[in-house]
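The values are calculated or read from the model by the stated rules, or taken from the named source; none is laboratory data. Bear in mind the structure is a predicted one, so any value in this text is a computation, not a measurement. When we count neighbours, we look across all protein chains shown, and the Cβ atoms used for this are built from the backbone with ideal geometry, even at glycine. The area values use the complete protein model at the heavy-atom level, side chains included, leaving out ligands, DNA and RNA. Shrake-Rupley method; radii C 1.70, N 1.55, O 1.52, S 1.80 Å.
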Amino acid sequence: MPAYDRHNPFLSKIISRSRLNNAGCSRETWHFILDLQDSDIEYAPGDSVGIIPENDPKKVEKIIKELAATGDEIVDDGKGQKYTFRDYLRRKANLAHPTRKLFQEIALLKKGALEKLLEKENEEALKKYLTQVDVEELIAEQQVQFEPTLFCKLLAPLLPRLYSIASAKSCVGHQVHLTVARVRYQIDSKERRGICSHFLCDLANENEASVPLYLQPTRDFRLPQNDATPIIMIGPGTGVAPFRSFMQERISRGAPSGKCWLFFG
């Protein structure tokens, strides 16, 4: 059995994605069906999957242009793996949140007001500033250039996102279902998008092996072994996803005697 993990993910296909709430709703929640055929991934209700997203290629190309690079430069991730600059920015770097190291390097180049933000008494102002710009906006605003290898070392890594599984394998076979809240908000009239929800909802193509994922099992978040045990499921904070898998599993087991109450919304 292949040992899929965050360093060796399985490339899954999106079989389908559909919005669960009406168009006028202030929140967007999407239902995804992902293909696990030929993966040998076995999951249980309560488990999660880790999704390894990619950055928006338009944002990547803007950064490459602003740094006067080609995107074909070879960079090292510090662990012996080599990538083209374009590939590293798209798949390995967090472009949503500039690091303090990147800001410090820019401040050394620009001097003046930026250096003042590094003073101890301006710590809160610096934190606020770094939440209001992304990496592309920061380098465009400050008109700075970096050699690609150095630039990559100044970025935070792009981390996986964990989603509770919303299906029981006993019901859906070689699939895994997810419910994903699409993250979109405004800062100073500029739209921000969640990295992973934007990747899943907008960037990844359906029916292409383009979604890297791995199983994140749990030990404690499980159904009672006795199907007759009543369960109360409350999901306003965690969401409905794991409880959907619990309900499917009980239905597939034919467990009519175990009462189930589900509160969500």
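Some points to look at:
- Evaluating L34 against the criteria (1) part of a loop (DSSP other than H, G, I, E, B); (2) open to solvent by less than 70 Å² (accessible area, probe 1.4 Å) leaves one unmet condition, (1).
- Some residue of segment 177-200 being in contact with a Leu (Cβ under 9 Å, 6 or more places away or on another chain) and farther than 22 Å from R91 by Cβ: yes
- Which numbered condition K128 fails, given (1) assigned to a helix (DSSP H, G or I); (2) under 18 Å from I63 (Cβ atoms): (2)
- Against the test of being within 22 Å of T29 (Cβ to Cβ) and not basic (K, R), the options G258, G194 yield a single qualifying residue, G194.
- Selection from segment 48-88 of residues that are in a helix (DSSP H, G or I) and either small (G, A, S) or open to solvent by 30 Å² or more (accessible area, probe 1.4 Å) (or both): P57, K58, K59, E61, K62, K65, E66, R86, D87
- Of the residues making up segment 89-109, just one is β-branched (V, I, T) and open to solvent by less than 20 Å² (accessible area, probe 1.4 Å), namely I106.
- The set of residues in segment 145-192 being free of Cβ contacts under 8 Å to residues at least 60 places away in the same chain and open to solvent by 50 Å² or more (accessible area, probe 1.4 Å) consists of E147, L150, V183, Y185, Q186, D188, S189, K190, E191.
- Segment 216-254, residues that are part of a loop (DSSP other than H, G, I, E, B) and crowded, with 17+ Cβ neighbours inside 10 Å: L223, G239, V240
- Only one of E124, E73 that is at pLDDT 90 or above, touching a Pro at 6+ places or on another chain (Cβ under 8 Å) and not hydrophobic (A, V, I, L, M, F, W, C): E73
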